[in-house]
Structure formats: structure tokens, C-alpha cells
Amino acid sequence: MSSIDVITAILSIPGVEENGEVRNAMPGEAVLNAHFEQLQEKFNVMTARTDGQPSELDRLLSEFLGRPVATDAAQFTYYEKKGVVYPALVMPADQIFDEHGASQAPRITEVFREFEARHRLAELIGTSLGLDWVSIYTTFGPSA
């Protein structure tokens with residue numbers, strides 16, 4: 001049986017609905033660049049650990065999975081769909097660990113079988129980053 005390999009969170013951009021429809025007019029390049037820079041800064045804060053405390057992303061994933069977890073492998077990147085570039089977070093499932101260092105990929109796969117899992121994770125990330133919407137996608141790979 002395959003398990004989730006990567007979790008990708010596509011992040012909203014100003015003026016564009018989750019389905020890709022432009023609300024009024026596509027924002028200009030300066031607005032998009034500023035938005036991407038702000039999200040990069042928020043991501044840096046979200047993934048920072050101070051004094052050995054969990055990062056905001058660690059806390060968010062722990063709430064989602066129902067157990068303490070941590071990751072250092074999340075990346076801020078970009079995703080292109082129909083000519084529109086969106087900011088995105090990519091998290092390798094096998095790089096999310098419990099306090100004993102065990103990969104949580106099996107638990108992640110189990111949780112994503114729940115009907116509302118994608119919506120819950122999208123809401124947690126969207127609220128943390130102050131976004132209108134977040135879409136969650138997963139890719140599957142072979143079980144280890």
C-alpha cells in the first residue's frame with residue numbers, strides 16, 4: 001500500500017479565487033512580488049525555533065496529527081497553474097518526526113483518509129499565515 005510522500009499547500013494570492021478565477025483584475029507584478037516576499041518572511045517566522053521550543057509549523061502539524069511532531073524539511077516554493085504562479089509550502093511526509101525521531105508518514109497517510117483532513121490543514125495554515133484560502137494536495141509514493 002502506498003503512503004503520502006509529500007504534502008503541498010498552495011497559498012492564495014491577492015485577487016484570485018481558489019478555483020483560479022480572477023476577482024476583478026489580476027494584481028500587478030509589484031503587488032505579487034510584495035505578497036510573495038511577505039509570505040517568505042512569514043514562513044521564516046513560522047519555521048523558526050527559539051530556545052529549543054517547537055516552531056509554529058511544528059505546533060500546527062502537531063495539532064493536525066494529534067501528537068507532538070517536528071520538521072526541518074518544509075520549503076517555501078512556487079506552483080504554476082494555468083499561467084498563474086502561486087506561493088506554496090512543500091513538506092516531505094517522511095521528514096515529519098515524533099519526539100523519538102520516528103517518521104510520521106504512516107500517521108499522515110492515516111489522518112488524510114479522514115474526509116475533512118485537507119480542509120482542516122488548509123484552515124490551520126491559512127489562519128497562521130493570514131490568507132484567504134489554502135489548497136492542500138498530496139502525492140503518494142511506495143511504502144518503505
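The values are calculated or read from the model by the stated rules, or taken from the named source; none is laboratory data. Everything numeric here is computed off the predicted structure, so don't read it as measured data. Neighbour counts run over all protein chains shown; Cβ positions are idealised from the backbone, glycine included.
Taking the conditions exactly as written (charged (D, E, K, R), more than 23 Å from PRO92 (Cα to Cα) and at pLDDT below 95), does ASP51 satisfy them or not?
Details: charged (D, E, K, R): yes; more than 23 Å from PRO92 (Cα to Cα): yes; at pLDDT below 95: yes.
When the stated conditions are applied, ASP51 passes them.
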Candidates LEU121, LEU131 - the one that is touching a residue at least 60 places away in the same chain (Cβ under 8 Å), buried (at least 17 other Cβ atoms within 10 Å of the Cβ), not in a helix (DSSP H, G or I) and not β-branched (Val, Ile, Thr):
LEU131
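Residue-by-condition table, conditions (1) touching a residue at least 12 places away in the same chain (Cβ under 8 Å); (2) surrounded by fewer than 17 Cβ atoms within 10 Å (Cβ to Cβ); (3) closer than 27 Å to ARG107 by Cα:
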residue: ALA30; (1), (2), (3): no, yes, no
residue: GLN38; (1), (2), (3): no, yes, no
residue: ASP58; (1), (2), (3): yes, no, yes
residue: ALA70; (1), (2), (3): yes, no, yes
residue: THR77; (1), (2), (3): yes, yes, yes
residue: LYS82; (1), (2), (3): yes, yes, no
residue: ALA88; (1), (2), (3): yes, no, yes
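ARG67 - would you say it is in a helix (DSSP H, G or I), closer than 22 Å to VAL6 by Cα and either touching a Leu at 6+ places or on another chain (Cβ under 7 Å) or not hydrophobic (A, V, I, L, M, F, W, C) (or both)? Break it down stepwise before answering.
Working: in a helix (DSSP H, G or I): no; closer than 22 Å to VAL6 by Cα: yes; either touching a Leu at 6+ places or on another chain (Cβ under 7 Å) or not hydrophobic (A, V, I, L, M, F, W, C) (or both): yes.
Answer is no for this residue.
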